Amino acid sequence: MKFFRILTACLVVSSCLTLTACGNSPAKDSMDADLTIEIRPDGTTIGQTYRLVCLEGQPAEGTDHPRAAASCEVLLNHGEQLRALPRKDQICTEIYGGPQEATITGTFNGESVIKQLSRTNGCEIREWNLFEPLVGPGGAEGI
């Protein structure tokens with residue numbers, strides 16, 4: 001009987017925490033972003049600069065990004081990664097993906113973001129690939 005009381009208490013606490021966490025996050029289709037994306041194909045010289053504006057998860061006026069719909073979709077699903085800092089304990093493969101770099105600056109859901117992307121190791125390549133619609137595949141062909 002004691003086991004069931006503990007189990008019930010755990011389920012109640014878990015449900016309350018889940019509801020609290022869900023209540024604080026915006027609805028998935030309500031994502032707003034106003035970003036400037038600078039792409040440096042050679043790692044130093046800016047080759048392309050785009051503005052991406054998404055309102056409620058859709059491309060909006062002011063956007064000049066050639067893949068705006070796909071970029072807004074990526075932000076809808078993974079935009080919080082723009083705020084993620086590299087983990088200090090992360091182990092990355094030493095694979096060089098090329099000299100390309102990109103900087104994404106602006107606002108995401110009302111908060112300022114600055115994200116640096118490169119292709120210098122496996123972890124950086126994975127992150128670049130996550131945001132590939134925003135920054136291109138990483139080759140010389142651009143977006």
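Identify the single condition in (1) modelled with pLDDT of 50 or more; (2) not in a strand (DSSP E or B) that residue 11 does not satisfy, given that it satisfies every other one.
(1)
Restricted to segment 60-88, and to residues that are aliphatic (A, V, I, L, M) and in contact (Cβ under 8 Å) with a residue 24 or more places away in the chain, which residue is farthest from residue 108 (Cα to Cα)? Outline the logic, then answer.
First, pick out the residues of segment 60-88 that are aliphatic (A, V, I, L, M): 60, 68-70, 74-76, 82, 84-85.
After this cut, where a residue has to be in contact (Cβ under 8 Å) with a residue 24 or more places away in the chain as well, the list is 70, 74-76, 82.
Details: 70: 16, 74: 12, 75: 9, 76: 10, 82: 8 Å.
In this case the residue turns out to be 70.
Within the group 104, 91, 114, which residue is of a type outside the set (S, T, N, Q) and either in contact with a Gly (Cβ under 8 Å, 6 or more places away or on another chain) or at pLDDT below 95 (or both)?
Working: 104 fails: either in contact with a Gly (Cβ under 8 Å, 6 or more places away or on another chain) or at pLDDT below 95 (or both); 114 fails: either in contact with a Gly (Cβ under 8 Å, 6 or more places away or on another chain) or at pLDDT below 95 (or both).
Answer to the check: 91.
Right, residue 57: more than 17 Å from residue 129 (Cβ to Cβ), surrounded by fewer than 16 Cβ atoms within 10 Å (Cβ to Cβ) and in contact (Cβ under 8 Å) with a residue 12 or more places away in the chain or not? Write out each step before concluding.
Details: more than 17 Å from residue 129 (Cβ to Cβ): yes; surrounded by fewer than 16 Cβ atoms within 10 Å (Cβ to Cβ): no; in contact (Cβ under 8 Å) with a residue 12 or more places away in the chain: yes.
When the stated conditions are applied, residue 57 does not pass them.
Could you go through segment 65-84 and let me know if any residue there is β-branched (Val, Ile, Thr) and either closer than 21 Å to residue 48 by Cα or buried (at least 17 other Cβ atoms within 10 Å of the Cβ) (or both). Full working, then the answer.
Step one: filter segment 65-84 for residues β-branched (Val, Ile, Thr), giving 74.
Those still in the list that are either closer than 21 Å to residue 48 by Cα or buried (at least 17 other Cβ atoms within 10 Å of the Cβ) (or both) too: 74.
Within segment 65-84, one or more residues are β-branched (Val, Ile, Thr) and either closer than 21 Å to residue 48 by Cα or buried (at least 17 other Cβ atoms within 10 Å of the Cβ) (or both).
The values are calculated or read from the model by the stated rules, or taken from the named source; none is laboratory data. This is a predicted model, so every value here is computed, not measured. Backbone-built Cβ (ideal geometry, glycine too); neighbour counts: all protein chains shown.
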